[in-house]
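Take a look at the structure below.
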Amino acid sequence: MKPFLPRAAIVIVFGICSYSHAAEGGWKAGLATIKITPEIPVPMAGYASRVKRYERVEQDIYAKALALEDEDGHRAVLVTTDFLGLPRAVSEPVCERIQQKTGLARSQILLNSAHTHSAPSLRGEEETESGIAPEDRTNIVAYTRGLQAKLVMVVRVALGRLEPAQLSWSSGVAHIAMNRREFTPNGVILGVNPRGPVDRTVPVLRVDSAEGNLRAVLFGYACHNTTLTQTNYFLCGDYAGFAQAYIQEQNPVALAMFMIGCGGDANPYPRGTMENARENGAALATEVCRVLDGKLEAIHGPLTCVFDEVSLPLQSYSRGELEKMTNGPSWQSGNAKSMLAKVNRGEKLRETYEAPVAVWQFGTNLTLVGLSGEVVVDYVTLLADAIGPLQLWTAAYCNDVFGYFPSARVLKQGGYECRGLYTEPGFFTPAAQDILVAKVRQLAQRAGRKLPDRR
């Protein structure tokens with residue numbers, strides 16, 4: 001039975017032509033997309049100083065689903081969204097409903113947010129927020145609840161459209177990302193650091209029909225989706241949204257999907273205007289199209305999906321330390337004030353944060369690692385060292401966007417990326433780095449990836 005589609009919900013299905021013979025590798029794929037542009041304008045997420053509603057829609061935003069099934073019947077679904085991030089309070093109810101409606105296990109569901117700072121705010125429940133009007137708070141909650149239903153719907157539609165397919169992948173390079181941790185005599189600030197590390201890799205997954213016609217492309221890039229700054233009040237997907245639109249214009253029957261990588265400490269360069277956003281998107285899309293036209297490696301099954309949560313340790317502070325921190329830099333003071341308030345109420349500070357981690361293993365051809373939170377670039381090399389650099393795609397902002405996840409190096413240097421959690425108070429310890437890397441290695445081994453000898 002086909003999923004029921006509520007009135008006003010339009011799901012676009014990208015069909016894959018069916019053939020009597022199995023596609024190479026035994027894959028089936030299903031595709032769907034749904035527009036998630038609010039019907040009533042709401043405030044946008046990403047910049048705390050921006051509290052009024054967006055003024056116009058520069059570009060519609062979307063949620064897109066890619067459902068996969070290998071020749072043994074193992075299924076999984078990946079959902080990309082044009083949002084700042086899906087926090088646990090929003091994403092987990094969606095995953096629970098998907099499991100109930102489809103029979104998928106939690107490990108078979110991967111949600112990713114493009115981290116655009118020009119998309120709507122999300123809230124599952126009304127909260128009192130400084131500067132946001134009560135009517136807007138109500139509209140944000142209503143929009144979020146409607147969005148959750150649409151995410152479930154787009155998954156069900158994609159799963160209902162599984163057809164024979166071929167999968168292949170490769171990667172390119174795009175020179176958009178700029179390390180933003182600028183060192184000054186007064187410490188690390190948000191700025192421009194041309195000598196700082198970034199990951200400019202552009203991983204590309206191609207989905208073809210059984211006949212070999214392009215039907216979808218999933219691509220990634222490790223950079224904040226922040227070409228547009230706090231002065232922007234036009235709704236859009238920023239460079240990632242424009243890149244997807246460009247690819248679809250060049251390939252009208254195909255669906256383009258974007259999955260952000262470990263870009264927690266990178267910004268686009270240049271940035272600041274809508275023209276910059278379109279140009280950055282075009283540059284990224286041009287590289288994706290170049291990769292699509294080149295030689296890609298076929299992906300075979302089986303598909304093995306594993307999922308777990310990892311307990312990441314948080315810093316403990318005395319009352320006196322927190323009082324001092326409230327007068328520190330802005331990235332530190334806000335969290336410190338919230339922690340101090342909890343201490344003053346007699347509440348215990350949280351000692352760990354349970355962060356979701358996912359690994360999808362595609363035969364011996366590709367390992368997709370889905371990290372949660374705003375992960376800095378160091379984890380690209382840390383994971384490559386831990387589980388091997390080849391046939392590896394590392395994504396971030398998956399399943400739960402809870403705050404920044406810095407490396408031990410970044411924590412030692414200080415700066416904005418050390419701000420820790422923003423869904424609740426807390427700062428990560430340097431030990432969290434190795435704990436996360438160990439968990440990824442454990443899951444990769446469970447999924448069947450051949451790991452390097454660490455002796």
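The values are calculated or read from the model by the stated rules, or taken from the named source; none is laboratory data. As the structure is a prediction and not an experimental result, all values here were calculated from the model. Don't worry about glycine lacking a Cβ; one is built from the backbone with ideal geometry, like all the others, and counts go over all protein chains shown. Quick note on the areas: whole protein, heavy atoms, side chains included, nothing else; ligands and nucleic acids left out. Shrake-Rupley method; radii C 1.70, N 1.55, O 1.52, S 1.80 Å.
Worth pointing out:
- Filter result for the condition that a residue is open to solvent by less than 40 Å² (accessible area, probe 1.4 Å), β-branched (Val, Ile, Thr), in contact (Cβ under 8 Å) with a residue 60 or more places away in the chain and assigned to a strand (DSSP E or B), over Val288, Val306: Val306
- Flag if Asn251 is among the polar types (S, T, N, Q) and closer than 30 Å to Arg419 by Cβ: no
- Checked against (1) in contact with a strand residue (DSSP E or B) (Cβ under 6 Å, 6 or more places away or on another chain); (2) within 27 Å of Val188 (Cβ to Cβ); (3) of a type in the set (A, V, I, L, M), Leu340 passes all but a single condition, namely (1).
- Single match in Lys295, Lys324 (criterion: assigned to a helix (DSSP H, G or I) and among the charged types (D, E, K, R)): Lys324
- Hey, Tyr269 surrounded by fewer than 24 Cβ atoms within 10 Å (Cβ to Cβ), touching a residue at least 24 places away in the same chain (Cβ under 8 Å) and not β-branched (Val, Ile, Thr) or not: yes
- Residue-level analysis places Leu296 among those that are of a type outside the set (D, E, K, R), open to solvent by 10 Å² or more (accessible area, probe 1.4 Å) and in contact with a strand residue (DSSP E or B) (Cβ under 8 Å, 6 or more places away or on another chain).
- Across the range 31-58, the qualifying residues are those that are of a type in the set (Asp, Glu) and more than 23 Å from the chain's Cα centre (by Cα), and the one among them that is least open to solvent (accessible area, probe 1.4 Å) is Glu55.
- Verdict on Lys150 being under 28 Å from Val357 (Cα atoms), in contact with a Ser or Thr (Cβ under 7 Å, 6 or more places away or on another chain), at pLDDT 95 or above and not polar (S, T, N, Q): no
- Checking each residue in the range 135-169 for being touching a residue at least 40 places away in the same chain (Cβ under 8 Å), over 25 Å from Asp238 (Cβ atoms) and of a type in the set (Ser, Thr, Tyr) picks out only Ser168.
- Test: residue in the range 255-262 that is out of contact with any Pro (no Cβ under 6 Å at 6 or more places or on another chain), among the aromatic types (Phe, Trp, Tyr) and open to solvent by 10 Å² or more (accessible area, probe 1.4 Å): no
- Checking each residue in the range 199-236 for being open to solvent by 20 Å² or more (accessible area, probe 1.4 Å), closer than 27 Å to Gln413 by Cα and in a loop (DSSP other than H, G, I, E, B) picks out Asp199, Arg200, Thr229, Gln230.
- A count restricted to the range 74-103 and to residues that are open to solvent by less than 40 Å² (accessible area, probe 1.4 Å) and within 24 Å of Phe362 (Cα to Cα) stands at 9.
- Number of the exception - Glu129 against (1) open to solvent by less than 60 Å² (accessible area, probe 1.4 Å); (2) modelled with pLDDT under 95; (3) closer than 24 Å to Pro356 by Cα: (3)
- Selection within the range 135-185 - hydroxyl-bearing (Ser, Thr, Tyr) and under 21 Å from the mean Cα position of the chain (by Cα): Tyr143, Thr144, Ser170, Ser171
- Subset of the range 150-198 [open to solvent by 30 Å² or more (accessible area, probe 1.4 Å) and of a type in the set (Val, Ile, Thr)]: Val173, Thr184, Ile189, Val192, Val198
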